[in-house]
Amino acid sequence: MAAASSRVLLPALALAGIFFLLIAPAVVAGAAAPPATGLEFHVGGPRGWRVPDANTSYGWWAMNNRFHVGDRLYFKYANDSVLLVDRACFDACNATEPLATFADGDTTFPLDRPGFFCFISGEPGHCEEGQRLIVRVMVHPGVAAAPGPAASAPGTTPAQPGPGHGGGRTTPDTPSGAATAVASAAGVAVAAALAVLASLVLMLQ
């Protein structure tokens, strides 16, 4: 009787082991992979969206940063506005035909597609004085995107723009409980395997 039980129990143990080997890595991998989140670029840095001075150039700043789908532009301003325009209106500083207008003083604009985005100030004369920005957005290569200039830690104020720079960016929020999630997922997988094994042993009794 014992020999017969052993002949049935061994395949059952093998089945439980296979279940654990197949399910556990998948669960752990799924928990370990953080969600892809974009970067937030603070246009104008701490000084915000305004007529640039001799030390600020929105064009130079845009050329020295890399924008990807999923990133965001953050505009902070007062007594001004942000106009999304096409390239012709951008080149001519034409504020009469905007594609979108923002005037809340605290605008976050999502870069939701690859290509070019053009922005100008809606205040008369500001665009002509250099308050305009054009960014080229590329397809996001993944979570581990190479950091560009003026990167700052999560939750911190972007660095003061140096000569030729118009602002900084913040890195994406990283889940603080990633390690805990991995451990929990591994525990769930182990518990599931043990439950299967216990069920098989009970069936043999």
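What follows is calculated from the coordinates using simple rules that are stated; it is not laboratory data. Every value quoted in this text rests on a predicted model; they were computed, and no experiment measured them. Here the Cβ positions follow ideal geometry from the backbone for every residue, glycine too, while neighbour counts run over all protein chains shown.
Each of F67, F119 has some number of other Cβ atoms within 10 Å of its Cβ, and from fewest to most they run F67, F119.
When each of the peptides 83-89, 53-59, 71-77 is scored by how many other beta carbons lie within 10 Å of its residues on average, the order from highest to lowest is 71-77, 83-89, 53-59. With θ taken as phi - 60° and the Karplus curve 6.51 cos²θ - 1.76 cosθ + 1.60 applied, the whole-hertz 3J(HN,Hα) list for segment 76-86 is 10, 7, 9, 6, 8, 7, 10, 10, 8, 9, 7 Hz, x standing for glycine and proline.
Of R47, R136, the sequence from fewest to most neighbouring Cβ atoms within 10 angstrom is R136, R47.
Close amide H partners of L73, meaning residues 5 or more places away or on another chain with modelled amide H under 5 Å apart, are F41, F109, L111. Note on T37 and F116: their simple-model spin labels are 3.2 nm apart, each label 7 Å out from Cα toward Cβ. Between D86 and L99, the built amide H atoms are under 5 Å apart, and every one of these is 5 or more places off in sequence or on another chain.
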